[in-house]
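The values are calculated or read from the model by the stated rules, or taken from the named source; none is laboratory data. Please read all numbers here as calculations on a predicted model, not as lab measurements. No Cβ is skipped: glycine too gets one built from the backbone with ideal geometry, and neighbour counts run over all protein chains shown. Calculation scope for accessible area: heavy atoms of the full protein, side chains included, ligands and nucleic acids excluded. Shrake-Rupley method; radii C 1.70, N 1.55, O 1.52, S 1.80 Å.
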Number of protein chains: 2
Amino acid sequence: MLSEDLIVDTSLRLIELHGAEGLSMRRLGAALGADATAVYRYFANKHQLLLALADELIGRTFAGFEPTGQWQRDLRTLAGLIHGVNLAHPRAAAVVTARVTGRPHELAAVETIIGILRGAGFTPAQAVRHYHCFISLVLAFSALDSAMCSGDKAELAAETATWREVYRELPAGQYPNIAEGADLLVAQMRHSPFEATVELFLSALAARLD
Amino acid sequence: MLSEDLIVDTSLRLIELHGAEGLSMRRLGAALGADATAVYRYFANKHQLLLALADELIGRTFAGFEPTGQWQRDLRTLAGLIHGVNLAHPRAAAVVTARVTGRPHELAAVETIIGILRGAGFTPAQAVRHYHCFISLVLAFSALDSAMCSGDKAELAAETATWREVYRELPAGQYPNIAEGADLLVAQMRHSPFEATVELFLSALAARLD
DNA sequence: CACTTGGGTCAACGGTGTTGACATAAGCTC
DNA sequence: GAGCTTATGTCAACACCGTTGACCCAAGTG
């Protein structure tokens, strides 16, 4: 017997295993030991399935989180958790990102984050505004970085090779600013600017608090 | 006779016309009045074509831009330009976002932005770091927002309806923070937090400059 | 017993990106 | 000009994809 939970778990395992694009209904059916179309008894279409995956991921993200009362630290932790979970499930991340699920785990997440901002001293209006910026920032970067990592290793290596070869050999006359920091640039582009951007964001919020 | 330029232009027109997912090789071929596979004489695969689209978009974005010397204003303008162009071409945006093209227009863009930061007084290392954060922020939000707008109108309306119905009717006992700002939340979620986040980002940069 | 209903299977439709063989026209060398 | 190479477009096919509708059978219910 299949079930929503079983399908969701199997889907997440498949994504983790076969990478971003590895989740197809046929593969899912095979992994479940059933026909591909059996899944349609539980989810109207693939989009609904992805929404369920998204909510499950949100739930897992917030499962091990307890607010400490220090709002900057809490938001930093949450940002890292969300980013991390989404990176582990790139394909589902694309959906968490773009659409609102309206499911229970999502509600709990919204409640938690706005609560942290209210506790920090922001007004309800500020808290809502900053919540929107915060969650969009984190999700947008998650989607960006998981798209970055979803390709094969070979593809990724070719990518950084492009950076190295193209950017390091540019004529300093035409591109003085690039030439000046070419080594820094190549080194910088290898890892995500996520943490740095979150720090900038948090410092901007803190400045708005006084 | 086909040509790279003709293919790129037609592709962009197709995307603008048929929406995000509207660009398939067969449709492209039809729009060109040729067989779908003829495109493969000019681009090794669809990914390469999308990279070319991306570079073309970058070029168009920077075409009408002249730095004023006021770095905050310039970055704000650029952010808006990039965001706007990407919103108009949702599918291509996803690619501009994730991958480095290494093509001429991209190089010019990198040079311009780092130049602005250097002119603002940042060190080469700072300029490179902040460039990376800035461009990632802008591209990540562009991808997010264009994914948001790419669905049908009906789908989008259903989305906001979800927000309205679900979030406004929540029990205040379980979700006090959401209940407190439910109206604000529903109103807020309708438009992108892009401008607000860019402002926060720029203010954080300015604070780092002293 | 008859009958509905939930849940799994099967074949099929129209779509996708991509490949390899084939045809034809252009341009170059002898 | 003849012959050959190279560029360019066409065609059929492959292996996928999400989704639908018909079918079938076991379980539960009147």
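Output the number of residues of the range A:44-65 satisfying the condition of being part of a loop (DSSP other than H, G, I, E, B) and within 8 Å of DNA strand D (Cβ to nearest atom).
Residues in the range A:44-65 being part of a loop (DSSP other than H, G, I, E, B) and within 8 Å of DNA strand D (Cβ to nearest atom): 2 in total.
Being part of a loop (DSSP other than H, G, I, E, B), among the hydrophobic types (A, V, I, L, M, F, W, C), over 23 Å from A:Arg103 (Cβ atoms) and within 15 Å of DNA strand D (Cβ to nearest atom): is that true of A:Ala34 here?
yes
Restricting to the range B:171-189, give me the number of residues that are of a type outside the set (Ser, Thr, Tyr) and in contact with a helix residue (DSSP H, G or I) (Cβ under 6 Å, 6 or more places away or on another chain).
Qualifying residue count, the range B:171-189: 11.
Give the residues of the range A:112-143 that are without any contact (Cβ under 8 Å) to a residue 12 or more places away in the chain and open to solvent by less than 20 Å² (accessible area, probe 1.4 Å), sorted by residue number.
A:His132, A:Ser136
Go over the candidates A:Phe65, A:Phe134 one by one and state the one that is modelled with pLDDT of 85 or more and closer than 24 Å to B:Leu184 by Cβ.
A:Phe134
With the requirement that a residue be in a helix (DSSP H, G or I) and within 12 Å of DNA strand C (Cβ to nearest atom), what does the range A:1-30 give you? Steps first, please.
Pass one, the range A:1-30, residues in a helix (DSSP H, G or I): A:4-18, A:20-22, A:25-30.
Correct list: A:Glu4, A:Leu6, A:Ile7, A:Glu21, A:Met25, A:Arg26, A:Leu28, A:Gly29, A:Ala30.
Quick grid of which residues meet (1) at pLDDT below 80; (2) open to solvent by 50 Å² or more (accessible area, probe 1.4 Å):
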site	(1), (2)
B:Met148	yes, yes
B:Thr162	yes, no
B:Pro171	no, yes
B:Tyr175	no, no
B:Ile178	no, no
B:Gly181	no, no
B:Gln188	no, no
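Report, by residue number, each residue of the range A:31-60 that is open to solvent by less than 70 Å² (accessible area, probe 1.4 Å) and either more than 25 Å from A:Ala108 (Cα to Cα) or within 16 Å of DNA strand C (Cβ to nearest atom) (or both).
A:Ala31, A:Leu32, A:Ala34, A:Ala36, A:Ala38, A:Val39, A:Phe43, A:Asn45, A:Lys46, A:His47, A:Leu49, A:Ala52, listed by residue number.
Residues in the range A:2-24: is at least one open to solvent by 80 Å² or more (accessible area, probe 1.4 Å) and within 18 Å of A:His105 (Cβ to Cβ)?
Among the residues of the range A:2-24, at least one is open to solvent by 80 Å² or more (accessible area, probe 1.4 Å) and within 18 Å of A:His105 (Cβ to Cβ), which makes the answer yes.
If the requirement is being modelled with pLDDT under 80 and either of a type in the set (Phe, Trp, Tyr) or over 23 Å from A:Leu170 (Cβ atoms) (or both), which of these qualifies: B:Pro104, B:Pro90?
Among B:Pro104, B:Pro90, only B:Pro90 is modelled with pLDDT under 80 and either of a type in the set (Phe, Trp, Tyr) or over 23 Å from A:Leu170 (Cβ atoms) (or both).
What number goes with the only condition from (1) touching a His at 6+ places or on another chain (Cβ under 9 Å); (2) touching a residue at least 12 places away in the same chain (Cβ under 8 Å) that A:Gln188 does not pass?
(2)
Say we look at the range A:66-81 and pick out the residues that are not hydroxyl-bearing (Ser, Thr, Tyr) and not in a helix (DSSP H, G or I); which of these is surrounded by the most Cβ atoms within 10 Å (Cβ to Cβ)? It would help to see each step written out before you state the result.
Keep residues of the range A:66-81 that are not hydroxyl-bearing (Ser, Thr, Tyr), which gives A:66-67, A:69-76, A:78-81.
Applying the additional criterion that residues be not in a helix (DSSP H, G or I) yields A:66-67, A:69-70.
Working: A:Glu66: 8, A:Pro67: 16, A:Gly69: 10, A:Gln70: 13.
Once the filter is applied, the top-ranked residue is A:Pro67.
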